[in-house]
Amino acid sequence: MSTIHPQPADRTTVAASGPWVTGLALFAGILMIVVGIYHALGGIAAIIGDQLYVTTPDYTYTLDITSWGWIHLVLGAVIAVVGVGVVTGQAWARAVGVLVAALSMVANFMFVPYYPIWSVLMIALCVAVIWALAVWNPSTS
């Protein structure tokens, strides 16, 4: 005799629980720490005047490389700290993580002419972070 298991009417509860989602939240936190460190290292390289970045004339969002360096250094530090909060399960870290990942996406979009492949990769990683944090439901994990 087979038993019929009723499915919940709200399918988001089923999709947002289980080991995969918990693992993805941990992945998002670790990825945030790594992305934050990368941001900070790229910021330090720009601040010390490394020739790593190409300056482009007539770009709408033109800032000097040192300004971009400070933006990336500060943003990187914040992302890394929030990533530690996500990994340790802090309640505030999920919402703040989505916010700083979105800010990172905007900053990297404006930074595309200076370091295009890296910027597009960082945008893609931030999309993965936002998705993982958005589907993570700590009460069901």
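The values are calculated or read from the model by the stated rules, or taken from the named source; none is laboratory data. Computed from a predicted model, the values in this text were never measured in an experiment. Every residue, glycine among them, receives a Cβ derived from its backbone with ideal geometry; neighbour counts consider all protein chains shown.
For segment 85-115, the candidate set comprises residues that are surrounded by 21 or more Cβ atoms within 10 Å (Cβ to Cβ) and of a type in the set (S, T, N, Q); within that set, the residue that is farthest from the chain's Cα centre (by Cα) is 108. The set of residues from segment 122-133 being exposed (fewer than 14 other Cβ atoms within 10 Å of the Cβ) and not small (Gly, Ala, Ser) comprises just one member, 127. For segment 102-115, the criterion of being in contact with a Cys (Cβ under 8 Å, 6 or more places away or on another chain), part of a helix (DSSP H, G or I), in contact (Cβ under 8 Å) with a residue 60 or more places away in the chain and within 18 Å of residue 24 (Cα to Cα) is met by none of the residues. Against the list (1) over 16 Å from residue 38 (Cβ atoms); (2) at pLDDT below 95; (3) surrounded by fewer than 17 Cβ atoms within 10 Å (Cβ to Cβ), the condition residue 118 fails is (1). Answer with yes or no whether residue 73 is among the aliphatic types (A, V, I, L, M) and under 21 Å from residue 110 (Cβ atoms). Spelling it out, residue 73 is indeed among the aliphatic types (A, V, I, L, M) and under 21 Å from residue 110 (Cβ atoms).
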